[in-house]
Structure formats: C-alpha cells, structure tokens
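Report on the structure given below.
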Amino acid sequence: MASSAIKLTVWLLVSTTCQQVLTAQQQQQHHTISVESLLSSTMCSSAPAEEVTPASRPEGGSTFQIVHRACRSPGNHMTVSDHYNTILQHDHHRVRSIHRRLTAQRTPTSIPARLGVPFHSLEYVVTIGIGTPRRNLTVLFDTGSDLSWVQCTTCGHSCYHQEEPLFNPSSSSSYSNIPCSAVECDIASDPEICSGGVCRYNMSYVDGSSTGGNLAHETVALSPSAPADTGIVFGCSDVFIDFDDFGVAGLLGLGRGPLSIVSQTQRDYNGSLSYCLPPRGSSTTGYLTFGAAAQPQANLAFTPLTNISPQLSSFYVVELAGISVNGAALPILPYAFSGGAVVDSGTVMTQLLPAAYYPLRDEFRRHMASYTMLPEGSMVDNLDTCYDVTGHDVVNVPRVALEFGGGARIDVDASGILLVAGAEGSSVACLAFQPMGPVGISAIIGNMQQRTYNVVFDVAGGRVGFGANGCS
C-alpha cells in the first residue's frame, strides 16, 4: 500500500514536471502576439521615428533611413484597413509583372526599360540627393527595378502630385541628356525611341500605367550626407499615363541589371547593399546601406544567387529549400522549390506554389485550432485562413521558418505571420502567405516576411544573406 502511494506520488510529480516543460516548450515554439497591437488601427507609430544610429544599423558606408510610404509625412493617418485594401491588388500586379517578364520574348538588355514592375506596389521610401546644387528627394526603392528616375518639371499636364518640388534639369549644372548613339541608350531603350538626338525611355506596367522621359547623366548622392557619385545614368520622367498621386519624387532601382544603382556604383560599394525593414507600427526606422558596411553581422548566413532565366536577370533569385512550422519540416515535394525564389522588396506577402502553400496552411490551421476560423465561404478576398480574434487578449501563433540553400533561413518575425484584414474595426487576422499560379518560379519572398532581418545582397559575391534582429 505504501509502495503504491509512493509510486502515485512519483507519477504525479513527473507528470506535473512534464506538463510544465511541455508548456514552456509550447510558449517557446509560438509567438505570443498582443491582440491590441495586432489590431492597432494605424500603420505608423505615434512616437517620433528614431534616427538611424550606429546602434541600429551597420557602421560606415552610405546609409539611408527607411520609412513606410504611408508614414513619410507628419500627421499621415493611413489605417491598417486602408493599407490592407491595396495589398492584395498590388501583390497581384507584382506577380503578373514577374510572370510577364518571364514569358516575354525579348533580349535581356531590352527588358529593364520596357517591362517595369508596378510602381504603385512599392512600399518603402528613402531620401537621395540629386543634381548640382544638390536637391534631396524622397523616392521609392525596388530590388526588382534597374533604371532610377525622378519626375521632372518638363512633365507638363501629365504630372502627378508629389509633396516635394519637382526636379528641374535646367537648374542642375551636372545634368546632361544622353544621345541616341550612346551605349547606355542601347541598354535602356529601343533604338527608335529618340527625340532630337536625345535618348528616350519608356516603362510600361501591367496595370496599364506607364512613364517615359529623357535618359540622362546626373550626380547622385546615396543618402543626403554622402559624397556624390557623378555620371549616374537615370531617367528624367516627363510623361505619365494613369499614374496616381503617389506623393514621392520617383524610383531608386536596386536590381542586378547594368543600369541599376547597384551596378553603376560597383566601384565605390563593391556591388553590396543591405536593408532592414521595420515592423508595422514600430517607432524604429529601418535602413538601407551600400558598401562593405552592408555585411557587419556575425549571425549572417548566406545562400547563393541563381540564374534561372535571362528575363529575371534583374531580380535576386535564390533557392528556397524548405519551410518549417514550430521547428518541424513540412512534407513538401521537391518540385515545389525547383524554380527558384525571388527575394523582393516590392511584394508584400510571400507567394508560394500550391504544393508548398497548402502544407503550410494546413499545419498552421492545426496549430490555430483553438481559435475561431472563418468559414471558407466567408473568407476575406483571396485569403483562405482567417481568424476572428474577438475576445482574446493575446494570440499564440506558430513560428514559421523559410529555409534556403546553403543553410540560410528566415525565422519569420511575429509581424510577418498575420495580416489584419477586412473593414476598419475588424477583428479578423489572416495568414500572410498566398498561393500563386504557375509563373515560372517557385516563390516570391515578400517584405512582410523579411521584416526585422538584415537582408544583404552581395552581388559581387553572388549571394544573399539573412541576419536576425537587423533593425535593433
């Protein structure tokens, strides 16, 4: 009898200890997200943005401060629902744009000028210096574009609204138009796009909008306080068709093509750049850095760049090798990863082929079984895994990791797993991944899933690196 009592006591102690260990493991495996912060109605923190300091970004090099385009103006009150209402449409256009470039029967040199990624899909802005005397202008940046351009005063009746004064090429002593006979014109434009001996370019987008202008040389400073680079090829846009009032001055092209800023400043910065995108509502700004300082972290892991198609030569394509949820690898067939993954600053949500998306979705649903999932017939737009979090103080969300060839990985930040969806005041949060149709690649790694990481594009070294806690 005494022996049985002792055994029962020991069993209870062991059982309690195991339950405590299991609970601790579960807490470690899951992200615990405050529902109040998740459903916060504003895109931007009400606190002043922190300056980019040595404590929050790489030392040296040429460094920009990154902010979301919705937060660039004091008093901007863009809500999460306003932002959500544009995300799905923009991502749809972005995927179509990449597919269009893959299927275009063109020479690689003609693609950057003729088939642009949608300008309105871009989310993050930086400030550059341009011209002599220097003018500081706010521009969107994009890893899927090559040619940089700004809106010029010569745009006449086709100008869109921007908050800063338009760039006046006649007021810059370092500005010079590029003639049609120049090699840069062969790269940027078809030979027939020529006006008065001046090389013209035209960029068409899948949403029906387009811009064009004079191709020129100009002095550009990569950050307002950085030394200027002379003779940079850029576009002075003076024609806009179906452009909205974006508010920003233009575009900074960070692709891999010969006319991108990365390629043109190769001698100064060795073809290296990095960025860290801050989470929504954070009072901390991110950064964009050029040069050797783009690789300062000891915890960086790299994956090789791949070249799956000449039509994607401007994009950063790597091998996505696997996906795990709470540390367990998902049973995804190898063919789902065979086409390469584009690491993209312009796409918001990560796009996966169905063979990879559905195992992720099903495992995510299994871990979220204690929450009320909306019936499939009432799901929000194109999102098929949404939860009503009404009445919850916190949500325990499983951890998701993206694993790349060479051992690099992204343990997706909590801010990159759930997307608040629906109308203002909605308590609906959805899985922030989407299935995509066959577009010739395996995945597009969106900026939501890159948040808080130091993402390094080492073009000279032929690799992309990921380092956790990059913004802090």
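The values are calculated or read from the model by the stated rules, or taken from the named source; none is laboratory data. Since the structure is predicted, the reported quantities are computational estimates derived from the model, not experimental observations. Ideal geometry is used to build each Cβ from the backbone, glycine not excepted, and the neighbour counts take in all protein chains shown.
Below, the figures for the structure above:
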quantity: Counted residues, segment 330-357 - those being among the aliphatic types (A, V, I, L, M) and without any contact (Cβ under 8 Å) to a residue 24 or more places away in the chain; calculated: 2
quantity: Sole exception among (1) buried (at least 21 other Cβ atoms within 10 Å of the Cβ); (2) modelled with pLDDT under 95; (3) under 15 Å from V464 (Cα atoms) for Q297, by number; calculated: (1)
quantity: Total residues in segment 123-155, condition out of contact with any helix residue (DSSP H, G or I) (no Cβ under 7 Å at 6 or more places or on another chain) and not β-branched (V, I, T); calculated: 14
quantity: Qualifying residue in segment 377-393 (condition: surrounded by fewer than 23 Cβ atoms within 10 Å (Cβ to Cβ), at pLDDT 95 or above and within 21 Å of the chain's Cα centre (by Cα)); calculated: no
quantity: Residue in segment 358-376 that is surrounded by 18 or more Cβ atoms within 10 Å (Cβ to Cβ), among the hydroxyl-bearing types (S, T, Y), touching a residue at least 40 places away in the same chain (Cβ under 8 Å) and not assigned by TED's automatic domain parsing to the domain that holds L102 present; calculated: no
quantity: Count of segment 234-250 residues which are touching a His at 6+ places or on another chain (Cβ under 6 Å) and modelled with pLDDT of 85 or more; calculated: 0
quantity: Condition check for L251: buried (at least 21 other Cβ atoms within 10 Å of the Cβ) and not charged (D, E, K, R); calculated: yes
quantity: Any hit, segment 420-435, residues being more than 13 Å from V348 (Cβ to Cβ), at pLDDT 85 or above and either of a type outside the set (A, V, I, L, M, F, W, C) or assigned by TED's automatic domain parsing to the domain that holds S263 (or both); calculated: yes
quantity: Selected residue [within 23 Å of N307 (Cβ to Cβ) and either of a type outside the set (S, T, N, Q) or without any contact (Cβ under 8 Å) to a residue 40 or more places away in the chain (or both)] from G391, G416, G440; calculated: G440
quantity: Odd one out for N326, checked against (1) modelled with pLDDT under 95; (2) at positive phi; calculated: (1)
